[in-house]
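J.: Before I ask anything, here is the structure I am working with.
The values are calculated or read from the model by the stated rules, or taken from the named source; none is laboratory data. For clarity, every value in this text was computed on a predicted model and none was experimentally measured. Glycine gets a Cβ as well: all are built from the backbone with ideal geometry, and neighbour counts include every protein chain shown. Side chains are part of the model used for accessible areas, which takes the heavy atoms of the whole protein and leaves out ligands, DNA and RNA. Shrake-Rupley method; radii C 1.70, N 1.55, O 1.52, S 1.80 Å.
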Amino acid sequence: MIKRFLYWFRVDKLGPEVPLTYWMLFFPSLMRFICRKKFGNFGKDSELRPGSHIDICSKIYIGEKVTIRPGSFIYADPRENAGKIIIEDKVLLGPQIQIYTNDHKFNLEDIPIYDQGYDLPNKNDSVVIKSGAWIGAGSIILKGVIIGKNS
């Protein structure tokens, strides 16, 4: 049982599948504590709302006054040399957004995508959402995308 608790505290993710840290998201001071510990950066007055799923927190950088709403799924590629996710200050994120920094290979028409594997990691695969942007509910942002300031 202790190994499971240690795993939940150390794993590089936050969400309902990690019960030990997930309950912390319901309490603002505990939410900020665990987010500052797990994320590459977690800005002042930012929030991670319960119901969000975040994988590879250490490669995700959140600026000030950003709220990640319920139903959102943010996934940074864990491989070395892979891109990061950078969300700058005062970005509005609607619920159920998805952000990914990796992708399947799909260039061989005679082989099922399932069997083609993943693209090689590349630092250019980062996702950057500049300050003041608004990402509407249900948006999906894929690797290499840069959303401009105040857009």
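J.: Pull up segment 1-40, narrow it to residues that are β-branched (Val, Ile, Thr) and free of Cβ contacts under 8 Å to residues at least 12 places away in the same chain, then point me to the one that is most open to solvent (accessible area, probe 1.4 Å).
T.: Ile2
J.: Right, here's the next one. Can you tell me which residue is surrounded by the fewest Cβ atoms within 10 Å (Cβ to Cβ) among those in segment 100-151 that are outside any loop (DSSP other than H, G, I, E, B) and free of Cβ contacts under 8 Å to residues at least 40 places away in the same chain?
T.: Only one residue fits best here, namely Tyr114.
J.: Still on this model: If I ask for residues that are in contact with a strand residue (DSSP E or B) (Cβ under 8 Å, 6 or more places away or on another chain) and within 21 Å of Glu80 (Cβ to Cβ), which ones from segment 125-151 would you list?
T.: If the condition is that a residue be in contact with a strand residue (DSSP E or B) (Cβ under 8 Å, 6 or more places away or on another chain) and within 21 Å of Glu80 (Cβ to Cβ), then Ser126, Val127, Val128, Leu142, Lys143, Gly144 are the ones that fit.
J.: Would you confirm whether or not segment 82-90 contains a residue that is over 12 Å from Lys59 (Cα atoms) and at pLDDT below 95?
T.: no
J.: Okay, next question. Residues of segment 76-132 being among the hydroxyl-bearing types (Ser, Thr, Tyr) and more than 21 Å from Asp45 (Cα to Cα), which ones?
T.: Tyr100, Thr101, Tyr114, Tyr118, Ser126
J.: OK, next. If I ask for residues that are over 15 Å from Val11 (Cβ atoms) and outside any loop (DSSP other than H, G, I, E, B), which ones from segment 51-61 would you list?
T.: Tyr61
J.: Filter segment 57-71 down to the residues that are under 12 Å from the mean Cα position of the chain (by Cα) and among the charged types (D, E, K, R), then identify the one that is surrounded by the most Cβ atoms within 10 Å (Cβ to Cβ).
T.: Going through the qualifying residues, I end up with Lys59.
J.: Can you spot a residue in segment 63-83 that is closer than 21 Å to Leu14 by Cβ, acidic (Asp, Glu) and assigned to a loop (DSSP other than H, G, I, E, B)?
T.: For segment 63-83, residues closer than 21 Å to Leu14 by Cβ, acidic (Asp, Glu) and assigned to a loop (DSSP other than H, G, I, E, B): present.
J.: Kindly check whether there is at least one residue in segment 20-43 that is closer than 19 Å to Ile146 by Cβ and among the aromatic types (Phe, Trp, Tyr).
T.: Checking segment 20-43: not a single residue is closer than 19 Å to Ile146 by Cβ and among the aromatic types (Phe, Trp, Tyr).
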